[in-house]
Amino acid sequence: MISDQEIVEKCIQEGNEHFEELIKRHSNYIFGFMMRLTGGNQMFAEDLTQTAFLRAISYLQSYNPAKEFRGWLATIAINSFRTEVRKHAKYTLEENMDHISANEQRGDNQDFYKLLSHLSSDERTILTMKYIYDYKNADIARDLNMNLNTVKSVIKRALEKLK
Amino acid sequence: MMNNNLKNAIADEKLKHYRVNNPNLLARYVVMMSKIRSSASIGIIDLMFFLVFIVIGAINHELIFSIINNFNQIFNTPLVFIETYFYPICISLILVTIYSYLRNMDSKIFNFFK
């Protein structure tokens, strides 16, 4: 199977048509990531997945083939989420609780979403990255463009809130 | 430290596999949107031709005013209008054709230079 890096090279040289394969490969991963960050808001997660792929196409020239493509894509998606939250003040607690109850009615297990619904979007993002996707603190700091000590204190504060 | 509730919730969440409804449709939509986006953005070619049109327009401003003033001829006596302004019309069409051709080639040209 052709690697992600080779497809990226083809996209740059021959055109964006080749990017379709990358979207098919990684859309579930990115969508899952966004579902967790948005607390199960499917519409918002779908929008963010699209936005992340569109941004990835525009920034494709800056992709470093030495790094894992999926991680690079996830960083773009996470930053898209943070930008959208800041821009539109979306994703208030009440809005999130509506989605949780809607998902509960569909019979999904919502423990994770419920617990994290009391956190700020940054706290939720960092906890999701650390405990669901096993990011190291230094990687979180680099991807979110934050100070390492800030990341540590956000994790500590979030865990305090969840006690 | 994490409490047990959170530990269990995280363990359960890790086992979940989310799926996009239609990845093929998403892939096509995103690629299509990326093409629309790139064609809507302003590039070096656009700026260059904007300057070219401004300079040519400034040099031949009398001709442009004359075309605007006599534009009603295109409805009354179209052949006279075309005959009078044949060369400016041809030059404009050639410039627009070159501009649209280069704009389509835009991304390939810049890939070549990279």
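General observations
- Rg over Rh for chain B works out to 1.40, both radii taken from alpha-carbon positions and Rh defined as the Kirkwood radius.
- Listed residues B:48, B:33, A:43 arranged by accessible area, highest first, probe 1.4 Å: A:43, B:48, B:33
- Of the residues A:74, A:128, B:43, the one whose Cα sits farthest toward the positive end of the charge dipole of the protein assembly as shown, with +1 on the Cβ of Lys and Arg and -1 on the Cβ of Asp and Glu, is A:128.
- Members of A:130/B:14; A:24/A:130; A:24/B:35 lying beyond 21 Å, as alpha-carbon distances in this model show: A:24/A:130
- Per-residue HN-Hα couplings for the stretch A:145-150 [Karplus 6.51, -1.76, 1.60; θ = phi - 60°; Hz; x = Gly/Pro]: 6, 10, 6, 4, 5, 5
- Under a Gaussian network description of chain B, with springs only between Cα atoms under 10 Å, the residue in B:51, B:25, B:63 that fluctuates furthest is B:25.
- Note, ³J(HN,Hα) from phi for the stretch A:3-15, Karplus 6.51, -1.76, 1.60, rounded to Hz, x at Gly and Pro: 6, 4, 4, 5, 5, 4, 4, 5, 4, 5, 7, 10, x
- Computed from point charges on the beta carbon alone (+1 for Lys and Arg, -1 for Asp and Glu), the dipole magnitude for the stretch B:4-113 about its Cα centre is near 900 Debye.
- Under a model in which nothing but the beta-carbon of Lys, Arg (+1) and Asp, Glu (-1) is charged, chain A shows a dipole of about 760 debye around its Cα centre.
- Across chain A, the relative contact order, built from alpha-carbon pairs under 8 Å that are at least six residues apart, equals 20 percent.
The values are calculated or read from the model by the stated rules, or taken from the named source; none is laboratory data. What you see is a predicted model; the values in this text were computed from it and never measured. Every residue, glycine among them, receives a Cβ derived from its backbone with ideal geometry; neighbour counts consider all protein chains shown. For accessibility, only protein heavy atoms count, side chains too; no ligands or nucleic acids. Shrake-Rupley method; radii C 1.70, N 1.55, O 1.52, S 1.80 Å.
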